[in-house]
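The values are calculated or read from the model by the stated rules, or taken from the named source; none is laboratory data. What you see is a predicted model, and the numbers here were worked out from it, not measured in a lab. FYI the Cβ positions are ideal-geometry reconstructions off the backbone, even for glycines, and counts take in every protein chain you see.
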Amino acid sequence: MTKALLIDANRGIGLALARQLQERGDAVIAACRRPSPELEALGKLDNPLTIEAGVEVTDSA
């Protein structure tokens, strides 16, 4: 089983890759600033190893 951390996975290539990895049964952490409805739905499917997370990475310094 592969473990993957995907950045900006709420749409496009990141979302497609998250979906493919999930279908293979891999552990996926999909991170983005604002989770899309598609990504949230992906996190609720059968694979309990898929986690969607909203993150903020700006530097206030």
When the stretch 1-21 is checked residue by residue, the ones that are more than 9 Å from the chain's Cα centre (by Cα) and under 10 Å from CYS32 (Cβ atoms) are ARG11
Residues in the stretch 34-61 that are outside any strand (DSSP E or B), surrounded by 13 or more Cβ atoms within 10 Å (Cβ to Cβ), modelled with pLDDT under 70 and not polar (S, T, N, Q) total 1
When ARG11 is run through (1) exposed (fewer than 12 other Cβ atoms within 10 Å of the Cβ); (2) at pLDDT 85 or above, the failure sits at (1)
With the first residue restricted to the stretch 23-34 and required to be free of Cβ contacts under 8 Å to residues at least 24 places away in the same chain, and the second required to be basic (Lys, Arg), Cβ contacts under 7 Å at 6 or more apart or on different chains are none
